[in-house]
1. Looking for something at pLDDT below 90 and away from every other protein chain (no Cβ under 14 Å) - is there at least one such residue anywhere in the stretch B:79-95?
2. Go through the stretch A:54-69 and give me each residue that's surrounded by fewer than 20 Cβ atoms within 10 Å (Cβ to Cβ) and either among the acidic types (Asp, Glu) or within 8 Å of chain B (Cβ to nearest Cβ) (or both).
3. So if I check each of A:Ala37, A:Ala57, A:Ala25, which one is assigned to a helix (DSSP H, G or I), of a type in the set (Gly, Ala, Ser) and in contact with a Leu (Cβ under 6 Å, 6 or more places away or on another chain)?
4. Across the stretch B:134-146, which residue is surrounded by the most Cβ atoms within 10 Å (Cβ to Cβ) among those that are touching a strand residue (DSSP E or B) at 6+ places or on another chain (Cβ under 8 Å) and either among the aromatic types (Phe, Trp, Tyr) or more than 25 Å from B:Gly69 (Cα to Cα) (or both)?
5. Would you point out the residue of the stretch B:91-133, among those that are hydroxyl-bearing (Ser, Thr, Tyr) and part of a loop (DSSP other than H, G, I, E, B), that is surrounded by the most Cβ atoms within 10 Å (Cβ to Cβ)?
6. Select from the stretch A:40-53 the residues that are outside any helix (DSSP H, G or I) and surrounded by fewer than 18 Cβ atoms within 10 Å (Cβ to Cβ) and list them in ascending order.
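The values are calculated or read from the model by the stated rules, or taken from the named source; none is laboratory data. Quick caveat: nothing in here was measured; it's all calculated off a predicted structure. Every residue, glycine as well, gets a Cβ built from its backbone with ideal geometry; the counts of neighbours run over all protein chains shown.
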Amino acid sequence: MTILYHRPSGMTHVLLPPAPNILAALDAGPADAARIAERLGFAADDEAVDVIAARLAELAQSGLVAIED
Amino acid sequence: MNGMADQQGGDGPHGHDAADAPAGFAPTRRRLMLGAAAASTVVTIRPALASTAGSVMNCQVPVPDPKLGAGKWIDGQGRVVDAGSPNAFRPPYRPLKAEEIRRAMQGANFPGADYEQSRAYMAYIRKLQNGMSGFTCYQSLQMPRP
């Protein structure tokens, strides 16, 4: 479990895997779900990409990641 | 750099699993780390702000914050842009009411706004930061109510 304080919003978030892993994977730069899956060792794994995409949407909803065009 | 290099280099949080675990075990362990698509993994603890239902439902969020400049529009990502910018929308003619925002958070459109416009306004609202007009209102809306 990871506790994250988001300074811009003043909100605290409790993150369970794989949310912290996804944030860590984004340290290497912006990426889509497929690229993040690769970074986490799930290359060519469609099911993993679907799960990561769902988690990304959740992180975006929480304001912890920004979705670009 | 490709994904395999990331993995073998151990850069990722679980990059060393494959090396540590017996054959056939690592994929399961990795799969457990991922969980199911429907399993929520982010729980937000809201600050202790105004908590009565009355104050929550009476507050408003100006879109955009008047401090950011008059006549600005909102683009699809919730950014405040110059009027007439491509892929941007006119702001609502009045501040958005808490109840409207609450409904929009559940997928509804704002009055007089279409789907894309409503999502743009919500994107702006989600980006609000402490000190910006409407921030406290939005935070209050996200708190569980009795």
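1. Restricting attention to the stretch B:79-95, the residues satisfying the condition of being at pLDDT below 90 are none.
The answer is no, given that none of the residues of the stretch B:79-95 is at pLDDT below 90 and away from every other protein chain (no Cβ under 14 Å).
2. A:Ala54, A:Glu58, A:Gln61, A:Gly63, A:Ala66, A:Ile67, A:Glu68, A:Asp69
3. Result: A:Ala25 is the single residue among A:Ala37, A:Ala57, A:Ala25 that is assigned to a helix (DSSP H, G or I), of a type in the set (Gly, Ala, Ser) and in contact with a Leu (Cβ under 6 Å, 6 or more places away or on another chain).
4. Filtering the stretch B:134-146 for residues that are touching a strand residue (DSSP E or B) at 6+ places or on another chain (Cβ under 8 Å) and either among the aromatic types (Phe, Trp, Tyr) or more than 25 Å from B:Gly69 (Cα to Cα) (or both), the one surrounded by the most Cβ atoms within 10 Å (Cβ to Cβ) comes out as B:Tyr138.
5. The qualifying residue surrounded by the most Cβ atoms within 10 Å (Cβ to Cβ) is B:Ser133.
6. We begin by selecting, within the stretch A:40-53, every residue outside any helix (DSSP H, G or I); these are A:40-45.
Correct list: A:Ala43, A:Ala44.
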